[in-house]
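All remarks here apply to the structure that follows.
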Amino acid sequence: MALGFIKKVFTFGKDKPADEAKPPETALTPEEQAAIAAESEPHERVEDLPLAQDPVLAEEMETASGPVDDIAPQQDDADEPTAQDLGMVPLALLEAEAEEEATEAPALPKGFATTAPLAPVEEETVPGPKLSWFQRLKAGLLRTSSQLSGQIAALFTKRKLDEETLEELEDLLIRADLGVETAMRVTGALSSERYGKDVTGEDVTRIMAGEITRVLLPVAKPLALDLNHKPHVILVVGVNGTGKTTTIGKLAAKLSGAGLKVMLAAGDTFRAAAIEQLKIWADRTGSTFIGTRLGADAAGLAYDAFEKAKAEKSDVLIIDTAGRLQNKTELMAELEKIVRVLGKLDPEAPHTVLQTLDATTGQNAMQQVEIFRNVAGVNGLVMTKLDGTARGGILVAIAAKHKLPVYFIGVGEGVDDLEPFEAEDFARAIAGIGG
């Protein structure tokens, strides 16, 4: 009955004219009303509804950017589809691209610039050829050699050698800190060879290099160590800033590298930095270190260091001392005390007293040698800081006057920047000859 009623409802009025009046609702029978009420009650219905047709064409499904096929349920985990099977981009690749985009500088329009610093681009550096020792030495004496060569060339341009020219050359060499004795030797040799003849700058520099070599050869000696007498005590002295502590570290590196047992004593008890610096050098070179508290008696430390070095059978004991100005009487007296204390322990100690000279100080270095030689018995020199600003000519003047051995010269702060003194190399470098 209900189906019949529904049929009536949906077909009602289809076969009638549009202007025909609608029948009144009272025409429904009680049975029909009951059927309507039953149909309006909520209840679950399961119907087999037809599937809608897929609106996407088969040609679109096969495009690279189109949707992928539905995944059928998998029974085995080993058969699960991978990201590549699904046409998906790996997450790691997406993260890498995002990071790259974040680090790239924004492309600003013309007329704008960014103030944010760009990330530095690491470039592979190719190490250049290492300079030879002579090249480093020549660079260290560049100031002296360039001034000399320039002035000599200007002096001997199209000019014969006469008394006036010789006097001008002598003054020029003295101003270069070569000393009166060396200047007279150079002018004398030049006069005997080229007097009254045309002279070039090359002639003068060649003769000058030869005379400087003759002055320096007698003092270019190796530092002799009596290893049968242990320990060999080296006392290092000099004014503030001449590189005593650094020189000690470089000497320790050479000696310990040769298999000798070395002890370093921090006798500069006035500076905590000097004690710490020497401790670092001791650790770096594998040397034994002995120190004391800040402000302690330096002579007492020298005593303890000698006794310990002797007990441990150290080959070499190197003692640092506080930097002292040569015009400070009370400080120089303390240096004398250190020498006396060591002499009581061993009549021959200290066996070597090295004085460090700053090559940039010029004529002041001459006075320093005179004072320290009288107070501490300096018997050897180390020239430091030949760094391009040096006035290296003063070493020639000191050698000519004091005849003290020059054991080493330093051109920098590295361990390899301290080398034995070679007279001919030094003379050629100061004259600007050779490469």
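With a Cα-only, solvent-free Debye model of region 332-435, what are the log10 I(q)/I(0) values at q = 0.22, 0.23 Å⁻¹?
Relative scattering, expressed as log10 I(q)/I(0), comes to -1.19, -1.26.
Compare Ser192, Ser256 by solvent-accessible area with a 1.4 Å probe and give them largest first, with all protein chains kept in place.
Result of the area sort, largest leading: Ser192, Ser256.
Determine the alpha carbon to alpha carbon distance for each of Lys230/Lys254; Lys221/Lys244; Lys313/Lys344; Lys221/Lys279; Lys221/Lys250; Lys138/Lys197 and list only those over 23 Å.
Lys221/Lys279; Lys138/Lys197
For Arg214 and Val415, calculate 0.36 nm times their separation in residues minus their Cα-Cα distance, and state this gained length in nm to one decimal.
Details: separation 201, 0.36 × 201 = 72.36 nm, distance 2.93 nm.
That pair, Arg214 and Val415, stretches by 69.4 nm at full extension.
How big is the convex hull of the Cα atoms of region 174-291, per residue, in Å³?
166 Å³
Using alpha carbon coordinates only, what is the Rg to Rh ratio of region 229-355, with Rh defined as the Kirkwood radius?
0.93
For Gly291, what charge total do you get from the other residues with a beta carbon under 11 Å from its beta carbon, if Lys and Arg give +1 and Asp and Glu give -1?
It works out to a net charge of -2.
Provide Ile275, Ile174 ordered by accessible surface of protein heavy atoms (probe 1.4 Å), highest first. Before the final figure, lay out each step's value.
On the way: Ile275 25, Ile174 60 Å².
Ranked from most to least accessible, the order is Ile174, Ile275.
Around Val236, what is the net charge, scoring Lys/Arg as +1 and Asp/Glu as -1 over all other residues with Cβ under 9 Å from its Cβ?
0
The values are calculated or read from the model by the stated rules, or taken from the named source; none is laboratory data. Since the model is a prediction, treat every value here as computed from it, not as a measurement. For neighbour counting, all protein chains shown are included, and Cβ atoms are generated from backbone atoms with ideal geometry for every residue, glycine included. The protein model used for the area step is the full one, side chains on, heavy atoms only, and it has no ligands, DNA or RNA in it. Shrake-Rupley method; radii C 1.70, N 1.55, O 1.52, S 1.80 Å.
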